[in-house]
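A.B. asks: Okay, here's the structure, questions in a sec.
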Amino acid sequence: MNAASRTSILRASQSRRFLLCRPRGGLNDVLCRIGECWRYAEKFDRTLIIDTRKSELRDHFSNFFEPKDKAPNVIFDASEDDLEFLNELACFPTEIRGQLHRLDVRLKATPRLKPITNLALPDFDFSKNYQEDVLAYEQWGGGSLSFGLMDKLRLSPKIRPMVLDRVRQFDGKYYAVHVRNTDLKTNYKDFFSKIVPEVSGKRLLVCSDDAAVIEYARNFFRSSEILTSSEIPDLGGKPLHIYGDRKKSNIDTIVDLIALGKSQKLFFANVTEGRASGFSGLAGHLFTNKYLLDGLLESPRIDFAVIKWRVKKYRRGLRHYLRQRMSQSLKGS
């Protein structure tokens, strides 16, 4: 369905209640924010419209994921036509009504509302049923809310063959370790020393946002065969999800996530803040619940009823065409 046709459907919608979700941050933050908004939209009967262009993905969500089941009330990529339509409706926050098409919109502080930062809209109460037609949500925030979303998604056909090709090389017979060490730091040298007895002699997949960590692992784990699922550029400690090649980094991040989840044993350490990174936690969730990986990697189910209908329609059309040709041939003879 093209954007114009979809917007026409939105205009004809009887509910006319929408939630525009513009998550910020890296992959886990994006998934957490979408997961929370999806749950809210279902609870209060709103159509969820996702726009990830302001996140570190810098791209439409539909280029990476699609709904596993039909989700008529979830739109994975907000079009300009959609946003222009939403601009006509009553909005929360009121101050940005008519500006939803602008990715650079900023909410100025008012007596009623104050933005959490100068870069994002204020949060709203997820327990409240707002009366406005449109809710505009734009925030960072990781954690574990992404876990519940995983069962609703599968990879987009635009990237599925590429991801499958890259993870097949490991055939599941390996241990894996993830280290976050750019914007969040990990004492990875001490961590490696702790796990070396368990990974000795094993094939060990090392995933990190820091090229220096992978290079250190190659030299440190001398009795292990070191594997990598992505080529990480040396950015001098700068966050890969902000400063790297966005398109390549997005694919690499998804490949790493799935490769970590498919491992036989997964290791990750807390960052110096005393907690696991959101990405490590999500990888751990997929590792523990490997059926979710099958769901992410599955191809859309074949609807044999639709195929049967199309074959019948084709045969009917072919018979009609042949009758016409035969009739014309008899008339001409």
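So that you can scan it fast, the table gives a plain yes or no per residue for (1) among the aliphatic types (A, V, I, L, M); (2) within 23 Å of the chain's Cα centre (by Cα); (3) at pLDDT 85 or above; (4) not assigned by TED's automatic domain parsing to the domain that holds Phe18:
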{"residue": "Ile75", "(1), (2), (3), (4)": "yes, yes, yes, no"}
{"residue": "Ala78", "(1), (2), (3), (4)": "yes, yes, yes, no"}
{"residue": "Glu84", "(1), (2), (3), (4)": "no, no, yes, no"}
{"residue": "Arg97", "(1), (2), (3), (4)": "no, no, yes, no"}
{"residue": "Arg102", "(1), (2), (3), (4)": "no, yes, no, no"}
{"residue": "Ala120", "(1), (2), (3), (4)": "yes, yes, no, no"}
{"residue": "Asp123", "(1), (2), (3), (4)": "no, yes, no, no"}
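A.B. asks: Within the stretch 259-293, track down each residue that is surrounded by 14 or more Cβ atoms within 10 Å (Cβ to Cβ), assigned to a loop (DSSP other than H, G, I, E, B) and modelled with pLDDT of 95 or more.
C.D. replies: Listed by number, the residues that qualify are Lys262, Ser263, Asn289.
A.B. asks: Could you grab me the full set of residues in the stretch 72-102 that are assigned to a loop (DSSP other than H, G, I, E, B) and surrounded by 15 or more Cβ atoms within 10 Å (Cβ to Cβ)?
C.D. replies: Residues satisfying the conditions are Asn73, Phe76, Asp77, Ala78, Ser79, Asn87, Leu89, Pro93, Arg97, Gln99, Leu100, His101.
A.B. asks: Can you run down the residue pairs with Cβ atoms below 6 Å, 6 or more apart or on separate chains, where the first is in the stretch 287-311 and among the aromatic types (Phe, Trp, Tyr) and the partner is modelled with pLDDT of 90 or more and assigned to a helix (DSSP H, G or I)?
C.D. replies: Going by the 6 Å Cβ cut-off, the qualifying pairs are Phe287/Gly261.
A.B. asks: Being among the aliphatic types (A, V, I, L, M) and under 17 Å from Ser249 (Cα atoms) is the filter here; which residues of the stretch 142-170 pass it?
C.D. replies: Leu155, Ile159, Met162, Val163, Leu164, Val167
A.B. asks: How many of the residues making up the stretch 223-258 are modelled with pLDDT under 95, touching a Gly at 6+ places or on another chain (Cβ under 7 Å) and crowded, with 18+ Cβ neighbours inside 10 Å?
C.D. replies: Of the residues in the stretch 223-258, 1 are modelled with pLDDT under 95, touching a Gly at 6+ places or on another chain (Cβ under 7 Å) and crowded, with 18+ Cβ neighbours inside 10 Å.
A.B. asks: Within the stretch 137-174, restricting attention to residues that are at pLDDT 95 or above and of a type in the set (Ser, Thr, Tyr), which residue is nearest to Phe76 (Cα to Cα)?
C.D. replies: Per the criteria, the residue is Ser156.
A.B. asks: Scan the stretch 185-220 residue by residue and report those that are closer than 27 Å to Leu27 by Cα and either of a type in the set (Phe, Trp, Tyr) or in contact with a Gly (Cβ under 8 Å, 6 or more places away or on another chain) (or both).
C.D. replies: Within the stretch 185-220, Tyr188, Phe191, Phe192, Asp210, Ala212, Tyr216 meet the criteria.
The values are calculated or read from the model by the stated rules, or taken from the named source; none is laboratory data. It should be emphasised that the depicted structure is a prediction, and the values quoted were computed from it without experimental measurement. Glycine gets a Cβ as well: all are built from the backbone with ideal geometry, and neighbour counts include every protein chain shown.
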